[in-house]
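Reading through the structure tokens given below for one structure.
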Amino acid sequence: MRNNNGLLDGATVERLRAAYPVGCRVELVSMNDPFSSLMPGEQGAVNWVDDTGTIFVTWDCGSGLGVVYGVDRIRRL
């Protein structure tokens, strides 16, 4: 849930951190970024989840682009 500033509340961020712990493997389902070369099916490892809920991934293709909560979609492998 987002607060009045549009930021995620602490409980939501903690749920994301529990769901996507550092080192877990993920697969990209969709990304709403016209400038990204990442494609659905790309896989990588989670580095961290920041306080805004962005999940930072080291993608196997070499990218380090973060996954924006509520915009982009990943699934845990």
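The values are calculated or read from the model by the stated rules, or taken from the named source; none is laboratory data. All values derive from a computational prediction rather than experimental measurement. Neighbour counts are summed over all protein chains in view; Cβ atoms, including those assigned to glycine, are modelled from backbone coordinates with ideal geometry.
Computed quantities for the displayed model
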quantity	calculated
Yes/no for residue 13 being among the β-branched types (Val, Ile, Thr), surrounded by 14 or more Cβ atoms within 10 Å (Cβ to Cβ) and modelled with pLDDT under 95	yes
Of the criteria (1) more than 13 Å from the chain's Cα centre (by Cα); (2) touching a residue at least 60 places away in the same chain (Cβ under 8 Å), which one residue 11 fails	(2)
Segments classed as strands (runs of 3 or more DSSP E), wholly inside region 31-77, with at least 2 members that are of a type in the set (A, V, I, L, M, F, W, C)	43-49, 55-59
Residues located in region 19-30, provided they are within 10 Å of the chain's Cα centre (by Cα) and either assigned to a loop (DSSP other than H, G, I, E, B) or without any contact (Cβ under 8 Å) to a residue 12 or more places away in the chain (or both)	20
Subset of region 51-67 [under 22 Å from residue 11 (Cβ atoms), loosely packed, with under 15 Cβ neighbours inside 10 Å and not hydroxyl-bearing (Ser, Thr, Tyr)]	51
Odd one out for residue 38 among (1) of a type outside the set (S, T, N, Q); (2) loosely packed, with under 14 Cβ neighbours inside 10 Å; (3) modelled with pLDDT of 95 or more	(2)
Residue 73 under 11 Å from the mean Cα position of the chain (by Cα) and not hydroxyl-bearing (Ser, Thr, Tyr)	yes
Tabulated pairs, region 42-56, first without any contact (Cβ under 8 Å) to a residue 40 or more places away in the chain, second of a type in the set (Ser, Thr, Tyr) and in a loop (DSSP other than H, G, I, E, B), C-beta under 8 angstrom, 6+ apart or interchain	42/63; 44/63; 46/20; 49/20; 54/69; 55/20; 55/69
